[in-house]
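Have a look at the structure below before the remarks.
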Amino acid sequence: YRENMKAISKRYKDQPNTATEKGIFWIEYVLRHKSAENLVSPARDMPFYKTSNLDVLLVSAVGLFCVYNFTMLILTIILFACGYGRNTRKAKIE
């Protein structure tokens, strides 16, 4: 495990610039272009339910619910047509 972490660390540190140089570059970039608007995440303008994928989750849940109910309906119709669960004995007449 330790050897693997050393290899990962070595690959991560194998970069052309140091952290300070990167920081200076981005500060100069913002000063040169007077803004960093193109670097802002588009998620900042999205509503909470979209960034959390709640809309996708809701559609998936409704879809699964519909598939389940449709399957149960079909199975009920098939079992009813086959006579499953019906009392096939005739009642005794007294």
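The values are calculated or read from the model by the stated rules, or taken from the named source; none is laboratory data. Treat the numbers as computed from the prediction; the structure is a model and nothing was measured. As a convention, Cβ positions derive from the backbone with ideal geometry for all residues, glycine included, and neighbour counts pool all protein chains shown. For the accessible areas, the whole protein counts, side chains as well, though only heavy atoms, and no ligand, DNA or RNA atoms are used. Shrake-Rupley method; radii C 1.70, N 1.55, O 1.52, S 1.80 Å.
Points to keep in mind about this one:
- Per-atom-type breakdown for region 1-75 gives carbon and sulfur 67% of the accessible area (1.4 Å probe, protein chains only).
- The charge dipole of the chain, taken about the Cα centre with unit charges on the Cβ atoms of Lys, Arg (+1) and Asp, Glu (-1), comes to about 480 debye, rounded to the nearest 20.
- Derived scalar couplings ³J(HN,Hα) [region 49-64; Karplus, 6.51 cos²θ - 1.76 cosθ + 1.60; whole Hz; x for Gly, Pro]: 5, 7, 5, 8, 6, 5, 5, 5, 4, 5, 4, 5, 5, 5, x, 5
- Backbone geometry of region 10-20 corresponds, through the Karplus equation with coefficients 6.51, -1.76 and 1.60 at θ = phi - 60°, to 3J(HN,Hα) couplings of 5, 5, 5, 6, 7, 10, x, 10, 7, 4, 5 Hz, x marking Gly and Pro.
- Over region 14-75, the hull volume per residue, using the convex hull of the C-alpha atoms, is 146 Å³.
- Under 15 Å from Lys6, Cα to Cα: aspartates and glutamates that are on another chain or at least 8 residues apart: Asp14
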